[in-house]
Number of protein chains: 2
Amino acid sequence: MTVFLVGAGPGDPDLITARGLKLLRSCDVLVYDRLVAPELVAEAPHGALAITRERFGQERVNELLVAYGAAGLNVVRLKGGDPFVFGRGGEEALALARAGVPFEVVPGVSALASVPAAAGIPLTHRGVSSQVTVVTGHAFDGGELDVDALASAPGTLVVFMGLAALPRLAAALVTAGRDAHTPAAVISRGTLPDQAVASGTLGEIADLAEGLPSPALVVIGEVVALAEELGIPEKRLRARVEAA
Amino acid sequence: MTVFLVGAGPGDPDLITARGLKLLRSCDVLVYDRLVAPELVAEAPHGALAITRERFGQERVNELLVAYGAAGLNVVRLKGGDPFVFGRGGEEALALARAGVPFEVVPGVSALASVPAAAGIPLTHRGVSSQVTVVTGHAFDGGELDVDALASAPGTLVVFMGLAALPRLAAALVTAGRDAHTPAAVISRGTLPDQAVASGTLGEIADLAEGLPSPALVVIGEVVALAEELGIPEKRLRARVEAA
């Protein structure tokens, strides 16, 4: 009798939380994103109604959640990554709250740290980076970012959904004063079997990443250089494929 | 025959990943942090050697992981939150890599988004915040932060381990130009049954949070105001206790 906004994790179906999996296995209705692993969709009970979200706009998804929730069904809204990190979970939560439908947020492993980890990159590291800034490529394209401030922010910069904007964003950061030799990486389909990583400098990363499939996460900062010791070449982590 | 650096999640033992739980249940050696839930420590096999990390410095922990890993045992290093988000997982990974001991990072749900979520606060929200900056209270005390830049950074500011530094950090941000009326919250023991939340403005948050137990996460930004609709008063989320 509740709507659960559940984070599915970054891609690898084993990275859903124990609680998320339990809820998924007992739901009446499952509304899921395109990027959610098919192995997780298959965990819903046979009798459950499984609806892919892709056919609908956000407004319609909100309406569906409110309607099924108000009908007293157990609804799992399964979202890639974490619902509250660029996941628009807040919009769905607000719609439910305004309609008086009980809901609960079950957090997931965000791509934010897990996808860099799968490429051997820690977001923070003592003596290297003690600050992380997170933005989206859409925000850059929408003129919402203060690129001068981003260029001078210390530590690690992570860009969600940044593949399309990367050539322009990287150039803008360099123009704004960020060193073109800053290490940078693009991790495509992170934590999945066909994960691919492009790694180089900020000045060249857009060229290196050309043609990589989305979803992709961009990481810019000195921590990227740790990957050489931590596993990209040695494949010590779960990073399985490395792009040329 | 591998050392697994596993994120235990933010506190609630149900928020470990399915993969982390599976590895935990089949380990030979478990090395765990003080903040890891006792329910998770209890998931290790009866015959497993369980070692709390607290008695040792980081150097000694690295040595233990290398020694048990090199001996061919299945070692789970269970860390609060995510190993690569202020978790010093990178240091342990480097020690293992340098010793030639195979290891794998199994990411966890970081406190970063999950603890705010448990208090009804999304880190990002369309039209409200499209940027997140993450720092630690230790970095502030160590003089590593550019407070002027932080004060003018748009979006949401999250401070890990920020309770002790909060009176000085909040004052410094206001002095550097951040509006004292900016919404702010401190979430103590987030996602646990005794979670407590202090919520107010940047100008008053240090007073409001006085006496809250650690660990605590500080969130500063307009997204905090969404909590009023999203659940702190209504306790719609898993937030169970609210501090006065």
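The values are calculated or read from the model by the stated rules, or taken from the named source; none is laboratory data. Here the structure is a predicted model, which is why all the values come from computation and not from measurement. Glycine also receives a Cβ, built like all others from the backbone with ideal geometry; neighbour counts cover every protein chain displayed.
Evaluated against (1) farther than 29 Å from A:Ser110 by Cα; (2) within 14 Å of chain A (Cβ to nearest Cβ), B:Glu39 falls short on exactly one condition, (1). Residues in segment B:186-200 that are in contact with a strand residue (DSSP E or B) (Cβ under 6 Å, 6 or more places away or on another chain) and more than 17 Å from B:Thr136 (Cβ to Cβ) were compared, and the one that is surrounded by the most Cβ atoms within 10 Å (Cβ to Cβ) is B:Val197.
Residues that are in contact with a strand residue (DSSP E or B) (Cβ under 7 Å, 6 or more places away or on another chain) and within 14 Å of chain A (Cβ to nearest Cβ) do not occur anywhere in segment B:48-60. Anything in segment B:87-104 that is of a type in the set (Asp, Glu) and at the interface with chain A (Cβ under 7 Å from one of its Cβ atoms)? List them, or say none. Within segment B:87-104, B:Glu91, B:Glu104 meet the criteria.
Say we look at segment A:20-58 and pick out the residues that are among the charged types (D, E, K, R) and touching a Pro at 6+ places or on another chain (Cβ under 9 Å); which of these is surrounded by the most Cβ atoms within 10 Å (Cβ to Cβ)? Filtering first and then ranking leaves A:Glu43.
Each residue in segment A:10-46 was checked for being in a loop (DSSP other than H, G, I, E, B), in contact (Cβ under 8 Å) with a residue 40 or more places away in the chain and over 21 Å from the mean Cα position of the chain (by Cα), and 3 of them qualify.
Table: residues versus (1) more than 14 Å from chain A (Cβ to nearest Cβ); (2) at pLDDT below 80; (3) in contact with a Lys or Arg (Cβ under 6 Å, 6 or more places away or on another chain).
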position: B:Gly190; (1), (2), (3): no, no, no
position: B:Gln195; (1), (2), (3): no, no, yes
position: B:Ala209; (1), (2), (3): yes, no, no
position: B:Pro215; (1), (2), (3): yes, no, no
position: B:Val224; (1), (2), (3): no, no, no
position: B:Arg236; (1), (2), (3): no, yes, no
position: B:Ala239; (1), (2), (3): no, yes, no
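Residues of segment B:117-128 that are more than 7 Å from every other protein chain (Cβ to nearest Cβ) and buried (at least 24 other Cβ atoms within 10 Å of the Cβ): B:Ala118, B:Ala119, B:Gly120, B:Ile121. Only one entry of A:Arg77, A:Arg53, A:Arg60, A:Arg88 meets the criterion of being under 15 Å from the mean Cα position of the chain (by Cα) and of a type in the set (Lys, Arg), and that entry is A:Arg88. For B:Ala113, the conditions (1) facing chain A (nearest Cβ under 7 Å); (2) without any contact (Cβ under 8 Å) to a residue 24 or more places away in the chain; (3) part of a loop (DSSP other than H, G, I, E, B) are fulfilled apart from (3). Of all the residues in segment B:59-86, those that are surrounded by fewer than 17 Cβ atoms within 10 Å (Cβ to Cβ), part of a loop (DSSP other than H, G, I, E, B) and either in contact with a Gly (Cβ under 8 Å, 6 or more places away or on another chain) or without any contact (Cβ under 8 Å) to a residue 24 or more places away in the chain (or both) number 1. Taking segment A:129-178 as the range and being more than 7 Å from chain B (Cβ to nearest Cβ) and of a type in the set (D, E, K, R) as the test, the residues that pass are A:Asp141, A:Asp148, A:Arg168, A:Arg178.
Does any residue of segment B:87-105 turn out to be on the phi > 0 side of the Ramachandran plot, part of a loop (DSSP other than H, G, I, E, B) and touching a helix residue (DSSP H, G or I) at 6+ places or on another chain (Cβ under 6 Å)? Checked against the condition, which is being on the phi > 0 side of the Ramachandran plot, part of a loop (DSSP other than H, G, I, E, B) and touching a helix residue (DSSP H, G or I) at 6+ places or on another chain (Cβ under 6 Å), segment B:87-105 yields no hits at all. In this entry, B:Gly108 passes the filter for residues that are in contact with a strand residue (DSSP E or B) (Cβ under 6 Å, 6 or more places away or on another chain), in a loop (DSSP other than H, G, I, E, B) and within 11 Å of another protein chain (Cβ to nearest Cβ). In the condition set (1) facing chain A (nearest Cβ under 7 Å); (2) over 24 Å from B:Ala18 (Cβ atoms), B:Phe84 is compliant with all but (2).
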